[in-house]
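One structure below.
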Amino acid sequence: MTHDFDSLGLANFSCRLDDERVAWLTLDCPGSAVNRLSADVMHELGLALDYFDQTRPAGVVIQSGKEAGFIAGANIDEFAGLDTPAKGMELVSRGWTLFNRLAKVDYPTLALIRGHCLGGGLELALACRYRLVVDQAGTSLSLPEVMLGIFPGWGGMQRLPRLIGAPAALDMMLSGKPQDARKAARLGLADGLVAPRLAEQAAKAMVLGGKPRRRAKGLPAWLNSPLARPLVVRQTTRKLDGRDPYRHYLAPRAILQIWAKHDGNALKAPQLVDQLIRSDTARNLLRVFRLQERLKAFGKAGRQQPHARHVHVIGAGVMGGDIAAWCALKGFTVTLQDQDRERIAAAQGRAHTLFARKTRHPRDARAAADRLTPDLRGDGVRHADFVIEAITENADIKRGLYAQIEPLMKPGAILATNTSSLSLEELRMGLDRPERFIGIHFFNPVAKMPLVEVVETDGVGAAVKTATYAFVDAIGKLPLPVQSTPGFLVNAVLAPYMLEAMRCVDEGIPPETLDAAMLKFGMPMGPIELIDTVGLDIARDAGRQLSDQASMPACLEHHLARNELGRKSGQGFYRWKDGKAVKQEAGAIPPDLAARLITPLIDKTRQQLEQGVVADADLADAGVIFGTGFAPFRGGPLHYSCTDPLDTQSTS
């Protein structure tokens, strides 16, 4: 059978027939680190099914030849050519028809899933009779199409609710939330969970076992029935309205409608499909995806080099402590140094909360905690591959620290500062080896913000840059190369935005109105709540350093005079209760308010680009999106300014 299959001349698939006539169909797209379901791959899968129809195997196991995972979804690049309704429907029909055919074959099929199984990859797995997931850290199953402004059109909207019930299926489809191996097994998304060393043995036993196809039962199954769907739609719509009250994102509601009215068959809703695929929102979200992939590429370049293993963090405040915790969570040995034992204890407490929330099993949380070691004396400096300084923003104090620790660092170790605004040229004065000094600027909260600015200066060694980007990639963050200028990119563009909002408060516009205007624009948080969250003292210092305005807004000075610092003191522009701002009604939003507020941010982004802080406009947009949460569906501040006039239409 192998010889006969090879005669098909398939570039992406190979097949092996074992002694019990189980066909092991392996997808391994050449020239790519991951498998994607391109038009060519889908065509070849059809040819493979033709072949199995003729040769009648006892069963077929579909697996990946990639270490990275099973299948990473469709080929996103093919979406750019969907410029007519017919092309969009042809793409949907291609996957819908092929996976329906896979689902109807009369021999048993099994998807053996190691690593990621995303989008069209999961839809392929759902079309198989069985799914077996390998119990390892990288295994993750999801339908993330909604995050790209589109929908799972190759059968996922139909098969997933039938398999796990409507509530769990809608939660996955409307959020794009991934499920790890154990959660997939508990949900019924997978038929079995297996240790890596037993995967092939278990797959063979399952595909030959003769069990019927799994289906949802009880209430979850009933909620997928036509009778119950109107109830589910009402409840789910209320949740969507709470999550997206301004309806910036069409895809979640479209998925809900296609499931409810057409049993998940997008071919029955051609107008809605065309509206989604060719929408500005989908185009911009696909743009954001490509920007994210570009940032990831900076880190991938150094993956072949020896990996850093030990990180020493100096400063156990909120930023330093949370950086240390995140590195420990991601598998690094971490020593955390601070003169204040209580500050280290507080950082450990936050770390334990993080580990409990982010790990799959209590033993994984314990292992992460074991990797984080308090280090009052700073002994870890001698052994660390990366030494990250996260102490107070004072150049003299930082340089004094460097003078103490640099002689202790081992050869090849990198000294990094988490400064948010100070010049690296100034900080490196006095270093014996300035070529190994670099900026690694995290954002608060560390666990939530995906971006890290990697601050470069003339003279930094090429190996140091490569190792730093690889380190940022290894801790699961997106590295953005920036030059050493005040505020770098993100803080520099936020400062005039926040100052303009406070000038509006001085003019009598309520903080609630300002925040509501920018939430309606699509920002994740309004500027006044952001100032309260950052801290009014921090906002003052940043404003003085990054703005050419001689005086600070009167409202800011008023609160600071009363020691009202925002969230951390319980009172700022808002009163804070249980970690949330207490707000009054926003009232009517002036039609030009959002444009007024966002214009300084856009202008500063363009200025930073012109000054060479970032290499090009795409990187500027990427930095502001992933560093501030700038409305993703607008594609980034510079892209937005070129495609949408700053008027009342663009901000509604």
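What to note about this one:
- Residue pairs whose Cβ atoms lie under 7 Å apart, separated by 6 or more positions or on different chains, with the first residue in region 603-619 and within 19 Å of residue 458 (Cβ to Cβ) and the second among the hydroxyl-bearing types (Ser, Thr, Tyr) and surrounded by fewer than 19 Cβ atoms within 10 Å (Cβ to Cβ), are 611/485; 613/485.
- Scanning region 297-319 for residues that are modelled with pLDDT of 95 or more and outside any loop (DSSP other than H, G, I, E, B) turns up 310, 311, 312, 313, 314.
- Residue 242 meets each of the listed conditions (1) out of contact with any helix residue (DSSP H, G or I) (no Cβ under 8 Å at 6 or more places or on another chain); (2) under 15 Å from residue 167 (Cβ atoms); (3) not charged (D, E, K, R) apart from (2).
- Qualifying residue in region 621-636 (condition: in contact (Cβ under 8 Å) with a residue 24 or more places away in the chain, open to solvent by 30 Å² or more (accessible area, probe 1.4 Å) and not aliphatic (A, V, I, L, M)): yes
- Of everything in region 26-51 that is closer than 20 Å to residue 130 by Cα and surrounded by fewer than 21 Cβ atoms within 10 Å (Cβ to Cβ), the residue that is farthest from the chain's Cα centre (by Cα) is 49.
- If the condition is being of a type in the set (Lys, Arg), open to solvent by 60 Å² or more (accessible area, probe 1.4 Å), part of a helix (DSSP H, G or I) and free of Cβ contacts under 8 Å to residues at least 60 places away in the same chain, then region 358-398 contributes 363, 366, 371, 382.
- Scanning region 206-234 for residues that are assigned to a helix (DSSP H, G or I) and either open to solvent by 90 Å² or more (accessible area, probe 1.4 Å) or farther than 18 Å from residue 253 by Cα (or both) yields 206, 207, 218, 219, 220, 221, 222, 234.
- Whichever residue in region 285-298 is of a type outside the set (Lys, Arg) and open to solvent by 20 Å² or more (accessible area, probe 1.4 Å) and, among such residues, is nearest to residue 455 (Cα to Cα): 298
- Within region 152-175, tally of residues that are open to solvent by 10 Å² or more (accessible area, probe 1.4 Å), among the hydrophobic types (A, V, I, L, M, F, W, C) and within 18 Å of the chain's Cα centre (by Cα): 1
- For region 421-444, a tally of residues being touching a helix residue (DSSP H, G or I) at 6+ places or on another chain (Cβ under 7 Å), open to solvent by 30 Å² or more (accessible area, probe 1.4 Å) and of a type outside the set (Lys, Arg) returns 6.
- In region 255-268, the residues that are of a type in the set (D, E, K, R) form Cβ pairs under 6 Å with partners that are surrounded by 17 or more Cβ atoms within 10 Å (Cβ to Cβ), at six or more places apart or across chains, as follows: 263/158.
- Checked against the criteria, residue 532 counts as open to solvent by less than 40 Å² (accessible area, probe 1.4 Å), among the acidic types (Asp, Glu) and either without any contact (Cβ under 8 Å) to a residue 12 or more places away in the chain or not in a loop (DSSP other than H, G, I, E, B) (or both).
- In the set (1) open to solvent by less than 40 Å² (accessible area, probe 1.4 Å); (2) over 23 Å from the mean Cα position of the chain (by Cα), residue 580 fails one condition alone, (1).
- Members of region 182-197 found to be free of Cβ contacts under 8 Å to residues at least 24 places away in the same chain and either within 14 Å of residue 130 (Cα to Cα) or open to solvent by less than 70 Å² (accessible area, probe 1.4 Å) (or both), listed by number: 187
The values are calculated or read from the model by the stated rules, or taken from the named source; none is laboratory data. Small disclaimer: the values here were computed from a predicted structure and weren't measured. Cβ atoms come from the backbone with ideal geometry, glycine included; neighbour counts cover every protein chain shown. We work out accessible area using only protein heavy atoms, side chains counted, and drop any ligands, DNA or RNA first. Shrake-Rupley method; radii C 1.70, N 1.55, O 1.52, S 1.80 Å.
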